[in-house]
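**Q** Attaching a single structure in structure tokens format; questions to follow.
The values are calculated or read from the model by the stated rules, or taken from the named source; none is laboratory data. Bear in mind the structure is a predicted one, so any value in this text is a computation, not a measurement. Positions of Cβ are generated from backbone atoms using ideal geometry, with glycine treated the same way; all protein chains shown enter the neighbour counts. To get the accessible areas, we keep the full protein, side chains included, count just its heavy atoms, and leave off ligands, DNA and RNA. Shrake-Rupley method; radii C 1.70, N 1.55, O 1.52, S 1.80 Å.
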Amino acid sequence: MATVSSSTHCCSSSSAYSNSSSIGFHQNHTNIPFPVLSPKRLGSKNVSLQSKRSPFHNVILMQDGALAAKVAGVKNEAPQKKLEDGLLPVAPPEEQKLPIDLDVNDDNSTVSITVVGASGDLAKKKIFPALFALYYEDCLPKHFTIYGYARSKMTDAELRNMVSKTLTCRIDKRENCGEKMEQFLKRCFYHSGQYDSQENFVELDKKLRDHEAGRVSNRLFYLSIPPNIFVDAVKCASLSASTSDGWTRVIVEKPFGRDTGSSAALTKALKQYLEEDQIFRIDHYLGKELVENLSVLRFSNLIFEPLWSRQYIRNVQLIFSEDFGTEGRGGYFDHYGIIRDIMQNHLLQILALFAMETPVSLDAEDIRNEKVKVLRSMRPLRVDDVVVGQYKSHTKGGVTYPGYTDDKTVPKDSLTPTFAAAALFIDNARWDGVPFLMKAGKALHNRRTEIRVQFRHVPGNLYNRNFGTDLDQATNELVIRVQPDEAIYLKINNKVPGLGMRLDRSNLNLLYKARYSKEIPDAYERLLLDAIEGERRLFIRSDELDAAWALFTPVLKELEEKKIIPEYYPYGSRGPVGAHYLAARYNVKWGDLGVDE
């Protein structure tokens, strides 16, 4: 059995999502072997990955998300004492003593991580720093190698110098920082080659084998390259750099096509060389702490789940805003626009997690099944339910900010939207009639991503006269701020202290930086770790992708065919006025524009 071991100091993200039936095996212990199958195309699919980070040392996570127990018998086990009510005593988690039989040879296997497109901004700013953070936290296996691969000519030393400039240690963990960086950089190497050259990938394979030194080899390829060369790189990796005795996985960055047709063509092309469970389509928003917390907030707090329906919720708002423009990325952005760049993936994925039914379990496939059901229940978007905008030049405080078309990489007559607002509906029993309002834009007045849940008005509210004519001021609202300053807060009404009856709107606030001293990991850290472990719940399945594009493709096609002119808004403003009219059509006010915001 091929396994990958990681250090005991890192808390496994996947262990928290294992089935309860896998915990606490104390009798009739058996070892269940899982043979390594011969690989199809890119390596074996049935190789398990065993992590020492989980407190349940004898639970093996299979690549498809299933769990298997591998527990040795315990000799001279003391008989369990029963309490008077017949229940068995259970120790707290930190005191539980589970039988330990790791049976893992640390020299048995290795993980080789190849960053394809290593000289690009994403690799320098996100991927290498995330890998170093995992190494610093002892989350990577004992034996691992990182290879950068790109067309740029570079030596190992030059790669290490480039990477070292972007590495930082946790604010709360600075000890031995320099020493850790030096150790990490010694594991980083570089190979220059073309993305469509099998010969260059053969050379890469030879170098990887030299570092793997005869161990069971598991390989992860991160495609940090433009989508038009995804297939070429995957083909070359498949034919020339695949592993023969472990697993091979490929992380693919968005965009996953421009519409239903191009997305389906990309998926079909990738599946010529990969199985579906080897493709890890990454949406980094799914790795953000507050998005991960969505299911915990809802399914482990009794006060929320009964309210999570049309009976109590009036509308849901998903808001994304950036306070800067394209800034040199206009060439890329102009080909996609804000709807494809943000709404069709980031915001729609958050919506699916928010609105899904309770999954059968926390297994990756069960969660993704429920997300797909939500997406398939949604009404296709119409042009009437969408407002598009584009930022224009604006002078404020003596500083002139450029418009979108002032970017030299953007055509002067571009109609590509930098802002969009949309009203979506889910036609199922739970959400029938509840508007889900999305808003995303660049060059707005602030930077934030949040989910706002506005509840219905209190029927027959005894205190209506205290709120005047604007009942929205009395509406309870749950706000989940994804970034920046991660927080969850609930807006409630309460009496102001004093002899009179004056009401006030206050927040019950969980501000993460005030509650938790630990620095929140970057989303890429979580997603890279999950990919290494074979945990798929935060990655997008092909049928999810198909359902998402089915929603947006018709309206995107109509916007482009009719050459609909976007509403212009000043750089640094709150966006087009049309977004307010769209919300008002459904008797909604955008929650991020209130006085208390």
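**Q** What pairs can you find where one residue is in segment 154-165 and under 16 Å from Gly193 (Cα atoms), the other is open to solvent by less than 70 Å² (accessible area, probe 1.4 Å) and among the aliphatic types (A, V, I, L, M), and their Cβ atoms are less than 9 Å apart, with a gap of 6+ or different chains?
**A** Met154/Ala118; Met154/Met162; Leu159/Ala118; Leu159/Leu185
**Q** Cβ contacts < 7 Å: first residue without any contact (Cβ under 8 Å) to a residue 60 or more places away in the chain and part of a loop (DSSP other than H, G, I, E, B), restricted to segment 426-440; second residue open to solvent by 10 Å² or more (accessible area, probe 1.4 Å) and basic (Lys, Arg), any location; separation 6+ or different chain. Result?
**A** Listed pairs, sorted by first residue: Asp427/Arg379.
**Q** Here is a follow-up. Residue under question is Ile251, and the condition is that it be outside any loop (DSSP other than H, G, I, E, B), under 24 Å from Lys206 (Cβ atoms), of a type in the set (Val, Ile, Thr) and open to solvent by 10 Å² or more (accessible area, probe 1.4 Å); does it hold?
**A** No; evaluated as a whole, the condition is false for this residue.
Here is a yes/no grid of residues against (1) open to solvent by 40 Å² or more (accessible area, probe 1.4 Å); (2) modelled with pLDDT under 90:
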| residue | (1), (2) |
| --- | --- |
| Leu353 | no, no |
| Leu362 | yes, yes |
| Leu381 | no, no |
| Val388 | no, no |
| Lys392 | yes, no |
| Thr400 | yes, yes |
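**Q** Inspect all residues belonging to segment 555-573 and state whether any of them is part of a helix (DSSP H, G or I) and of a type in the set (Gly, Ala, Ser).
**A** no
**Q** Would you confirm whether any residue within segment 435-450 is of a type in the set (Lys, Arg), open to solvent by 20 Å² or more (accessible area, probe 1.4 Å), out of contact with any Pro (no Cβ under 9 Å at 6 or more places or on another chain) and within 30 Å of Glu305 (Cα to Cα)?
**A** Checked segment 435-450: no residue is of a type in the set (Lys, Arg), open to solvent by 20 Å² or more (accessible area, probe 1.4 Å), out of contact with any Pro (no Cβ under 9 Å at 6 or more places or on another chain) and within 30 Å of Glu305 (Cα to Cα).
**Q** So, one more: What are the residues in segment 451-469 that are of a type in the set (Lys, Arg) and either at pLDDT 75 or above or open to solvent by less than 50 Å² (accessible area, probe 1.4 Å) (or both), if any?
**A** Across segment 451-469, the qualifying residues are Arg452, Arg456.
**Q** Further question on the same structure: Inspect segment 87-104 for any residue being surrounded by 15 or more Cβ atoms within 10 Å (Cβ to Cβ), assigned to a loop (DSSP other than H, G, I, E, B) and at pLDDT 85 or above and give the result as yes or no.
**A** no
**Q** Next up: Among (1) under 24 Å from Leu511 (Cβ atoms); (2) touching an Asp or Glu at 6+ places or on another chain (Cβ under 7 Å), which single condition is Ile303 missing?
**A** Of everything listed in (1) under 24 Å from Leu511 (Cβ atoms); (2) touching an Asp or Glu at 6+ places or on another chain (Cβ under 7 Å), Ile303 misses just condition (2).
**Q** With the condition being hydroxyl-bearing (Ser, Thr, Tyr) and buried (at least 20 other Cβ atoms within 10 Å of the Cβ), I'd like the strands (runs of 3 or more DSSP E) fully within segment 130-230 carrying at least 2 qualifying residues.
**A** Of the strands (runs of 3 or more DSSP E) lying wholly inside segment 130-230, those with at least 2 residues that are hydroxyl-bearing (Ser, Thr, Tyr) and buried (at least 20 other Cβ atoms within 10 Å of the Cβ) span 144-150, 216-223.
**Q** Tell me yes or no: at least one residue of segment 346-356 is more than 30 Å from Arg574 (Cβ to Cβ), free of Cβ contacts under 8 Å to residues at least 24 places away in the same chain and not in a loop (DSSP other than H, G, I, E, B).
**A** So far as segment 346-356 goes, no, none of its residues is more than 30 Å from Arg574 (Cβ to Cβ), free of Cβ contacts under 8 Å to residues at least 24 places away in the same chain and not in a loop (DSSP other than H, G, I, E, B).
**Q** Being under 30 Å from Glu289 (Cβ atoms) and β-branched (Val, Ile, Thr), is that true of even one residue in segment 549-556?
**A** So far as segment 549-556 goes, no, none of its residues is under 30 Å from Glu289 (Cβ atoms) and β-branched (Val, Ile, Thr).
**Q** While we're here: Tell me the residue from Asp485, Asp472 that is under 27 Å from Gly591 (Cβ atoms), open to solvent by less than 50 Å² (accessible area, probe 1.4 Å) and either modelled with pLDDT under 80 or in a loop (DSSP other than H, G, I, E, B) (or both), please.
**A** The conditions single out Asp472.
**Q** Further, regarding this structure: Out of Ala579, Ala584, Ala531, Ala550, which single residue is without any contact (Cβ under 8 Å) to a residue 60 or more places away in the chain and either part of a helix (DSSP H, G or I) or under 20 Å from the mean Cα position of the chain (by Cα) (or both)?
**A** Residue meeting the stated conditions: Ala584.
**Q** Cβ contacts < 6 Å: first residue over 14 Å from Ala548 (Cβ atoms) and touching a residue at least 60 places away in the same chain (Cβ under 8 Å), restricted to segment 248-274; second residue part of a helix (DSSP H, G or I) and open to solvent by 20 Å² or more (accessible area, probe 1.4 Å), any location; separation 6+ or different chain. Result?
**A** Tyr273/Lys235
**Q** A further question follows. Suppose we filter segment 278-315 for residues that are open to solvent by less than 10 Å² (accessible area, probe 1.4 Å), assigned to a loop (DSSP other than H, G, I, E, B) and either modelled with pLDDT under 90 or not assigned by TED's automatic domain parsing to the domain that holds Pro359 (or both); how many remain?
**A** 1
**Q** I'd like the residue in segment 559-578 that is farther than 16 Å from Glu322 by Cα and in contact with a Gly (Cβ under 8 Å, 6 or more places away or on another chain) and, out of all such residues, is most open to solvent (accessible area, probe 1.4 Å).
**A** Tyr568
**Q** Check off (1) over 13 Å from Asp283 (Cβ atoms); (2) of a type outside the set (S, T, N, Q); (3) touching a Leu at 6+ places or on another chain (Cβ under 7 Å) for Glu327 and give me the number that stays unchecked.
**A** Condition (3) is where Glu327 drops out.
**Q** So, one more: So Leu556 passes all but one of these: (1) open to solvent by 40 Å² or more (accessible area, probe 1.4 Å); (2) in contact (Cβ under 8 Å) with a residue 40 or more places away in the chain. Which condition number does it fail?
**A** So the condition that Leu556 fails would be (1).
**Q** So is Gly337 small (Gly, Ala, Ser), buried (at least 20 other Cβ atoms within 10 Å of the Cβ) and not in a helix (DSSP H, G or I) or not?
**A** Judged against the criteria, Gly337 is not a match.
**Q** Select from segment 408-431 the residues that are surrounded by fewer than 16 Cβ atoms within 10 Å (Cβ to Cβ) and under 27 Å from the mean Cα position of the chain (by Cα) and list them in ascending order.
**A** Asp427, Asn428 - these are the residues of segment 408-431 that are surrounded by fewer than 16 Cβ atoms within 10 Å (Cβ to Cβ) and under 27 Å from the mean Cα position of the chain (by Cα).
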